[in-house]
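Here's the structure, in C-alpha cells; my notes come after.
The values are calculated or read from the model by the stated rules, or taken from the named source; none is laboratory data. Because the structure is predicted, anything quoted here is derived from the model rather than measured. Cβ: placed from backbone, ideal geometry, glycine included. Neighbour counts: every protein chain shown.
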Amino acid sequence: MTPTTLPPDWRLPDGVNASLWEYAHSARLAAEEDEYFRGHPLFDTDSRALDERFVAPGRLIDLGCGTGRLALRFAARGFPVVAVELSRSMLEVVAAKALRQSVYVDFVQANLCDLGCLPDGSFDYALSMFSTLGMIRGRTARRRALSETCRILRPGGRLALHAHNVWLNLRNSQGRLWLLRHLPRTLLGRTSLGDRRMTYRGIPNMEVHLYRWPELKRELREAGFRIEEVLPIDAVQAKPIGLPWLVHGIRAGGWIVFARRKG
C-alpha cells in the first residue's frame with residue numbers, strides 16, 4: 001500500500017477519518033501551508049500570548065506542529081523542542097526550515113491519540129494550537145489525546161491549547177442554519193454538537209469539532225489538568241475580547257487556554 005492509499009475504515013488510526021487521512025498525506029497542502037495562512041491574525045495573538053507566559057526555557061512539545069511556526073519560534077528562543085505531526089509532508093517542511101534557520105528541533109511522526117513513543121513526564125510545556133484538538137475525530141479520541149498530553153507532561157507542566165467556540169455560528173445566517181439543522185440530530189443522539197463538516201482547501205468533508213466552554217473545561221479537568229487562565233478570542237480580529245468575564249462562552253470565537261498538569 002502506498003502512503004497516499006486510503007486504508008479501509010477499520011485500519012484508519014484513532015481519531016482519523018478519510019478526509020483527515022487525505023489532509024495528512026497531502027504534499028500539496030504542506031507546501032502551500034505557510035503562504036495560505038500568511039498574515040492570519042490569530043498567529044500574532046497566540047505567539048504573543050505564548051511568549052509572555054512560557055518564558056523560562058524548558059522541554060517543549062508542539063502537538064500538531066504543522067509547518068513549525070511555533071516549534072521553530074521556541075527552538076530559536078533556546079527551548080529544547082519536539083515537533084509532532086501526523087503528516088510526514090509537514091515534518092519535511094519543518095526540517096527544511098529548521099536547517100535554513102540554523103535551529104535544532106526533534107521530529108516525531110505520530111498520532112496524537114497514541115504518544116506511547118514518548119515517556120511519562122518528559123516535557124515542561126505542551127502546545128496544542130490552532131484548533132489541533134478539534135481536528136481529531138470523535139470525543140473518545142479527543143479525550144485520549146488530552147490524556148496522552150497530560151501523561152507526557154511532568155507534574156506541574158503547562159499546556160497551551162486553542163479551540164473554536166460552537167456558538168460563533170450564531171454570528172451569521174449560514175452558521176445559524178447549520179445549528180438549526182444540527183441540534184435535532186444531537187438531541188436524537190445521532191451526532192455530537194460541534195462537529196462541523198466543510199470543504200477545506202479542496203478536501204471535501206473535512207470536520208472540525210467546535211467546543212462549548214463547559215465541555216472544553218470538563219474535558220481538560222477530566223484529563224488531569226487544572227485551568228489557570230483563559231483568553232477568550234474574538235472570532236473576526238482574533239484578539240482577546242473586551243470584558244472577557246462577561247459570558248465569554250457565547251461571545252468568544254474561541255479560546256486560548258493555559259492549564260497545568262495536576263500532581
Exercise. Give me the pairs: first residue in the stretch 191-210 and in a strand (DSSP E or B) and surrounded by 13 or more Cβ atoms within 10 Å (Cβ to Cβ), second residue at pLDDT below 90 and not polar (S, T, N, Q), beta-carbon distance under 9 Å, and six or more apart or on different chains, which are they?
Worked result: ASP195/HIS182; ARG196/TRP178; ARG196/HIS182
For this session: Hey, can you tell me all the residues within the stretch 216-263 that are acidic (Asp, Glu) and either closer than 16 Å to THR132 by Cβ or crowded, with 19+ Cβ neighbours inside 10 Å (or both)?
Result: GLU219
Seminar exercise, completed: Turns out the helices (runs of 4 or more DSSP H) fully within the stretch 97-189 with at least 3 residues that are at pLDDT below 95 and either surrounded by fewer than 21 Cβ atoms within 10 Å (Cβ to Cβ) or of a type in the set (D, E, K, R) (or both) are 173-187
Problem set entry | Output for the stretch 55-70, where each listed residue is of a type outside the set (D, E, K, R), touching a residue at least 40 places away in the same chain (Cβ under 8 Å) and farther than 30 Å from ARG28 by Cα | GLY58
For this session: Quick one: count up the residues across the stretch 77-135 that are closer than 26 Å to LEU12 by Cα, of a type in the set (Gly, Ala, Ser) and touching a strand residue (DSSP E or B) at 6+ places or on another chain (Cβ under 6 Å).
Result: 6
